[in-house]
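Below you'll find the structure, written out as structure tokens, and then a few comments.
The values are calculated or read from the model by the stated rules, or taken from the named source; none is laboratory data. Here the structure is a predicted model, which means the values were calculated and not measured. We place every Cβ from the backbone using ideal geometry, glycine too, and count neighbours over all the protein chains shown. Side chains included, ligands, DNA and RNA excluded: accessible areas come from the protein's heavy atoms. Shrake-Rupley method; radii C 1.70, N 1.55, O 1.52, S 1.80 Å.
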Amino acid sequence: MKILLLDAQACAVMRVKLADLLLDAVAHGASPDPAAIPHGRHVQRYWEDVGAAIAAGTRVLLAAAHDGALLGTVQLDLCQRPDDHHLAFVRALTVHSRARRRGIGGVLLRAVEAEARALGRGELRLVALAGTGAETLIRDLGYARAGDASSAMAEYTKTLSMPEAA
């Protein structure tokens, strides 16, 4: 398995595979509100928007692939507020239903953490559906729950250790 950093052009080239991955994730319960996830032609537009954000330098897209198959993706939104340049948001961690329970989600999360560190981001935040395997993975990787503990959507944060300045 390889972890790929996709630029805007690669996102455009892989848009059909990316759309299939997102539709598979929704079909297999990856979202608490499937109505909020784009369907059909809107999925293509979603990935066009992701590609535009990558081109603008506000988002990073990592993909897990093996033998030409797209197994999963994760996105990193880079906070643009001047007082929060240390902050990034992990978004849309998605693993294809046929590839789940193989550690791919953990590999993608660790890869996005490394990318955040390389970009000088020392704090990550993410949201997961409470009571799911994703939430267990997130806790196992050292994320701490923040916000309302009774909420169906659990907010998590993690402070990344940054490499020492040379």
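Details
- The stretch 51-118, accessible surface, carbon-and-sulfur percent (1.4 angstrom probe): 51 percent
- Averaged per residue, the chain has 54 square angstrom of accessible surface, using a 1.4 angstrom probe with ligands and nucleic acids left out.
- Our summary gives the stretch 12-161 a relative contact order of 18 percent, counting only alpha carbon pairs under 8 angstrom and 6 or more residues apart.
- Per-residue SASA entry for S161, accessible area with 1.4 Å probe, Å² rounded to 10: 90 Å²
- Among [x] 1.06; [y] 1.21; [z] 1.01, the entry derived from the coordinates for Cα Rg over 2.2 N^0.38 Å: [z]
- Compared with the direct C-alpha span, the chain from H66 to E123 gains 17.5 nm at full extension, assuming 0.36 nm per residue.
- For the stretch 58-71, backbone phi angles converted through the Karplus equation (6.51, -1.76, 1.60; θ = phi - 60°) give residue-by-residue couplings of 9, 9, 10, 10, 10, 10, 9, 9, 8, 6, x, 9, 7, 9 Hz, Gly and Pro being listed as x.
- The GluC sites (Glu not before Pro) of the stretch 85-166 that DSSP puts in a loop, and whose beta carbon has at most 13 other beta carbons within 10 Å, are E164.
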